[in-house]
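Nothing in this text is a laboratory measurement; each read-out follows from the coordinates by a stated rule. Note that the structure is a prediction, hence the values are computed from the model and not measured. Here Cβ is always computed from backbone atoms with ideal geometry, including for glycine, and neighbour counts include all displayed protein chains.
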Amino acid sequence: MQRTRTAFNRTEPVSLVIGGIPAAKLRWTGKLEDVETVGTMYAIVAGDKVIHFNTQDVGPTPTPAMLDAESAFEAAKVSPCSCVE
């Protein structure tokens, strides 16, 4: 997000557990073509895969829809895998 936003700022990552697996979460703000935007990013390492969840919206603060998405992300069921492609 930082590469596509001006006035980009982010929180420090927060550790949490999603579906029994360690994860990290951070919130960011920035401008996209002079429009204020806000978002939340999650990263989960499940076995040999990295799973990313992202939500974003316009405005300086999280919207109710973003908070709903965050709740859904944090309630996700994930499992480690050693997938072969």
Practice task
Kindly list the residues of the stretch 30-50 that lie in the label zone of Thr4, defined by a backbone N under 14 Å from the point 7 Å along the Cα-to-C-beta vector.
Solution key: 30-35, 37-41
Exercise for the section: Quick one: grab Rg to one decimal and Dmax as a whole number for the chain, Cα atoms only, in Å. Expected result: 14.2, 43
Exercise for the section: Report the calculated FRET efficiency for Asp57 and Glu12 (r = Cβ-Cβ distance, R0 = 30 Å), to the nearest 0.05. Expected result: 0.90
